[in-house]
Amino acid sequence: MSSRWLGVGFLAPALVAVLFFFLLPVVMTVMFSFTNMTTATGITGGEYLLSKSRLRQLEAEGVSEETVERLESAGYQITEQGLAALAEEFGEDRADELREDYMGESFTARRDLERVLRNLNDDPIRRTRDRKAAADLFAVTILDERFPTEPAFRDALTESGIDPADHDALVKTAYTGWTWTTDNFKLLFELPATLRYAMNTAIYVVFTLAFNVGFGLFLAISTFYLPQHLANTFRTIWFLPRILPPVMYVLMWKWFTWDTGFISTVLSVFGVTPINWMTESALNAWTVVVLINGFVGASLGMILFSSAIKAIPLSMLYASEVDGAYRWDQIRYIILPQLRWPVLFMTSYQTLSLLTSFEYILLSTEGGPGGSTTTWALAAYTTALRNYGGNLEYGFGAAYALVLVIIGIILSVLYLRFFNFKELVAKPRIEQ
Amino acid sequence: MTVLKRCTALVGVLAALTGPALAEDISVTVWAGGSNDSDSYRIDAIAMAADILEREAAILGEELNITVEGRRDFSGWEEFKQSVTLASEAGTAPTIVVTSHLDIAPWSQAGYIVPVEDYVDLDAWPLTDVYPNLMEIASFDGIQWGIPQDAESRPFFFWRETLEKLGYSEDDIDALPEKVAAGEYTLADMLADATRAVEEGIVEEGYGFYPRNNNGPDYAQFYQSFGGELLDPESGKLIFDRQAMTDFYQFFVDAAEAGVVRRTHLGMDGNQWYREVANGKAAFWHGGTWHYGRYETEGNDDFWGTIQFSLIPQGNENGRPNTITHPLVYLVMDQEDDRIEEVAAQLVAIATEPRINTLHAIQSNHLAVAQSQADIDLYRSSRWASEATEVLLGSANSQPNHLNYGAFSEAMYRGLEAAWTGSQSVEEAVAEVEAQLTTTIGDALIVR
């Protein structure tokens, strides 16, 4: 076996992972975003169903009044054909009684006919199951009946004597599944909240990113100058936000900031009225959101930057000290220039991950107060997956998500070009 | 030799087929959303019903073996609803679910559920015994999709001691529910009392009125208090009433400005909320009938001596005192085998029998679904169940089963939150909700 195939073999797990966990979700997001898919339409496809509420829409769709009337009034009719079937399955006597008393009558609801069958004088149909089966023998209505395919539905329409001119409109209204549409994107532009979500996302990404990188750098450099064991202790402490389960971590922030929490309790000693420091105002909420996310991100930066600093040969630092450099000069002229690539990496990586992250916002402010910390990703989540009333809007939520995917891909390409990816993955210059 | 083997096998198969001929094994899974330990009868009732149905079948000479498995360990409604819908898409749906009646509209269109009316006799006991308005809530588009599993309602609560300090006599307090029901004690009166309670230091600032801390059916009650109607029965469309929405938002903004409720109240910790209202930290609040049990676990073992309850007071002359009931319903999920649907529907009907349902009602502090439950000793012995049924259930209405009601309710709540927290003015918030709703569900909406 050639070594090329061996290489492909080794890469295969990674390729499969990329395919399933990256490409497939992106392709599906694109697909979903061009549909009107909701809980009600289902995901795997629809059937054909005329219900009462759909009948109401029919006239607006241009279906003739006569057709609507016919569909509405069909119901259950006592006909010879039905009676023959009844006689065969449930006996001549019952059919005769029904013929005598109800021939030609129609019932709009099955329940009414069931009542009749239940109260037959001679020999009522006693079991519920039988009564329902018997009533169904007289059905002429196609209301509330689900047809799995379009031809089956069209056949039923023809059989019911519906004007063929109305068939197309009926098929369209009766379809319960999703259809392709570009309306989601139109909606995005029309909704007043869209611009606010975009602004919120910009605020969130810029400030959190600045904090992540800035604080990460500060931690890395300051711990670099500490004795080894002390440095490790500090790094471990600052790593806590990342390793704590998000729910616990945010709960601690709540204990810290809420009106019954730490800040309020301490300040109340000085006569300050307790307030909810997390949600008192948009500014409060943003500060807390940026800090919560910032501390999580900063720990990653700290680790990356620390190892990058450690890669700087100590001889360079000693030499600079011999030349009379202060700590600040070392940072300014030796450490920071060597950290250029890690900083760029962190910036690009964090921008992309912040754009799509919303879990800490959801857990802390829930996008409040009054929607002021609702970011684009959170809006996508609530639209697609969170609705007290039950009808989740998968298609519209995917449209929100698709915008993020597009921005993410554009930014990735830009980062790769600007930061010259080839150089980024080249051997460190220090070792050359 | 081979021939002999084949013959033996054939004889064996025939013997198995002709033996106890009609043995039928049916396995039923019940998933209950929003259920904790005290709601165990949502599942246990189905198991009890299975036992009865098996015995009935045995008498008819049929061997029916039903195994019932239940699941209620969902972290919340979101997880439950996602699990149910995804399982349905994958063809592994549970047989019976206990869920909000609001799910009927989307799930029926999607074909996830089947109408119980296809399998049970609605004109026979015990279903004829169920309150007609509750049966109505479990139906949609003229079809009876489900059977109410429990009932509840969302009353307004008063802390008696605070009222006494405000100058109410005990008789006054006892007469409050009637005054509220007659529209003589309104939300404006409540706000005035709450403001006074805060100003006189009877309760702390922000504790005059202590509403629900997150979205739920409760807020639609205040929309109704100010004259809002949720659904136009004629056209089947939802109604956005600009004036009612404005008055409703304005009421909460006024309350926040008066220091009666905190601007940051929404989103507060639920456990803290329960602890505080149960122990008299708030003067007025509203909640659900199931709170009765919760107050006890929060340390208040004298509900009747400390708390008064009523309908949600009228907001202004356009509105009415009201309360919303948000019953959970039993729904039968679409199965490949119709026989399983049939058995499931029958189990649901049996589980609705008064004695069985009363076990759930009393254990979980819910209200009865059927009229004759009031005659069952266990139910009658609970003062809360009896009085709450009497004071509240008669005037209770529900949120409409409508495909777009979820979007409506979310938008209404977001607008309320924006106005309440001050991030938008009331006019801006109402205008934005209106714009959002007309854009997204315009076809199904009437704007007044």
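The values are calculated or read from the model by the stated rules, or taken from the named source; none is laboratory data. Values in this document were obtained by computation on a predicted structure and should not be read as measured data. Note that we place each Cβ from the backbone using ideal geometry, even for glycine, and neighbour counts take in every protein chain shown.
Couple of notes before you dig in:
- Residues in segment A:260-304 that are of a type in the set (A, V, I, L, M), within 14 Å of chain B (Cβ to nearest Cβ) and free of Cβ contacts under 8 Å to residues at least 60 places away in the same chain: A:ILE263, A:VAL272, A:ILE275, A:LEU283.
- In segment A:101-110, the residue that is nearest to the other protein chains (Cβ to nearest Cβ) out of those that are part of a helix (DSSP H, G or I) and surrounded by 16 or more Cβ atoms within 10 Å (Cβ to Cβ) is A:ARG110.
- Residues considered: B:ILE362, B:ILE350, B:ILE376, B:ILE446. Of these, the only one that is within 18 Å of the chain's Cα centre (by Cα), hydrophobic (A, V, I, L, M, F, W, C) and more than 10 Å from every other protein chain (Cβ to nearest Cβ) is B:ILE362.
- Residue within segment A:258-272 that is within 25 Å of the chain's Cα centre (by Cα) and either under 17 Å from A:PHE358 (Cβ atoms) or at pLDDT 90 or above (or both) present: no
- Residues of segment A:124-177 satisfying the condition of being closer than 17 Å to A:GLY82 by Cα and either in contact with a Gly (Cβ under 6 Å, 6 or more places away or on another chain) or among the β-branched types (Val, Ile, Thr) (or both): A:ILE125, A:LEU137, A:PHE138, A:VAL140, A:THR141, A:ILE142
- Every pair of residues 6+ apart whose Cβ atoms lie under 9 Å, when the first sits in segment A:234-254 and is of a type in the set (D, E, K, R) while the second is outside any helix (DSSP H, G or I): A:LYS254/A:GLY261; A:LYS254/A:MET278; A:LYS254/B:ASP269
- Counting the residues of segment B:379-421 that are within 14 Å of chain A (Cβ to nearest Cβ) and in contact (Cβ under 8 Å) with a residue 60 or more places away in the chain gives 20.
- Hey, B:ALA175 out of contact with any helix residue (DSSP H, G or I) (no Cβ under 8 Å at 6 or more places or on another chain) and at negative phi or not: yes
- Among (1) assigned to a helix (DSSP H, G or I); (2) within 14 Å of another protein chain (Cβ to nearest Cβ); (3) surrounded by fewer than 18 Cβ atoms within 10 Å (Cβ to Cβ), the one test that A:GLY45 misses: (1)
- A:GLY261 being in contact with a Phe, Trp or Tyr (Cβ under 6 Å, 6 or more places away or on another chain) and among the small types (Gly, Ala, Ser): yes
- Residue check, A:ASP96 charged (D, E, K, R) and within 14 Å of chain B (Cβ to nearest Cβ): no
- Any hit, segment A:206-223, residues being within 25 Å of the chain's Cα centre (by Cα) and in a loop (DSSP other than H, G, I, E, B): no
- Qualifying residue in segment B:176-184 (condition: part of a strand (DSSP E or B) and touching an Asp or Glu at 6+ places or on another chain (Cβ under 9 Å)): no
- Residue check for B:ILE46: modelled with pLDDT of 90 or more and either touching a Ser or Thr at 6+ places or on another chain (Cβ under 6 Å) or not in a helix (DSSP H, G or I) (or both): no
- Output for segment A:337-371, where each listed residue is within 14 Å of another protein chain (Cβ to nearest Cβ) and either touching a His at 6+ places or on another chain (Cβ under 8 Å) or surrounded by fewer than 24 Cβ atoms within 10 Å (Cβ to Cβ) (or both): A:GLU359, A:LEU362, A:LEU363, A:GLU366
- Taken across segment A:306-323, residues that are crowded, with 19+ Cβ neighbours inside 10 Å, of a type outside the set (Ser, Thr, Tyr), in contact (Cβ under 8 Å) with a residue 12 or more places away in the chain and not in a loop (DSSP other than H, G, I, E, B) do occur, with at least one present.
- Comparison of A:ARG54, A:ARG70 shows that the only residue that is out of contact with any His (no Cβ under 6 Å at 6 or more places or on another chain) and surrounded by 18 or more Cβ atoms within 10 Å (Cβ to Cβ) is A:ARG54.
- Contact map, segment A:134-145: first residue of a type in the set (S, T, N, Q), second residue assigned to a loop (DSSP other than H, G, I, E, B), Cβ cut-off under 9 Å, separation 6 or more or different chains; pairs are A:THR141/A:ALA74; A:THR141/A:GLY75; A:THR141/A:THR108; A:THR141/A:SER160.
- Identity of the residue in segment A:398-423, within 11 Å of A:VAL26 (Cβ to Cβ) and loosely packed, with under 14 Cβ neighbours inside 10 Å, that ends up modelled with the lowest pLDDT: A:ILE409
- Residue in segment B:75-94 that is part of a loop (DSSP other than H, G, I, E, B), within 11 Å of chain A (Cβ to nearest Cβ), without any contact (Cβ under 8 Å) to a residue 40 or more places away in the chain and more than 25 Å from A:ALA133 (Cα to Cα) present: yes
- All conditions in (1) crowded, with 20+ Cβ neighbours inside 10 Å; (2) of a type outside the set (D, E, K, R); (3) under 20 Å from the mean Cα position of the chain (by Cα) hold for B:LEU416, with the sole exception of (3).
- Long-range neighbours under 6 Å by Cβ, at least six apart or interchain, first residue within 12 Å of chain A (Cβ to nearest Cβ) and assigned to a loop (DSSP other than H, G, I, E, B) within segment B:248-268, second among the β-branched types (Val, Ile, Thr) and surrounded by fewer than 24 Cβ atoms within 10 Å (Cβ to Cβ): B:GLY259/B:VAL198
- Options A:LEU49, A:LEU55: the member that is touching a residue at least 12 places away in the same chain (Cβ under 8 Å), touching a Ser or Thr at 6+ places or on another chain (Cβ under 7 Å) and under 27 Å from A:PHE396 (Cβ atoms): A:LEU49
- The criterion of being in a helix (DSSP H, G or I), crowded, with 16+ Cβ neighbours inside 10 Å, not assigned by TED's automatic domain parsing to the domain that holds A:ARG110 and not aliphatic (A, V, I, L, M) does not hold for A:ARG4.
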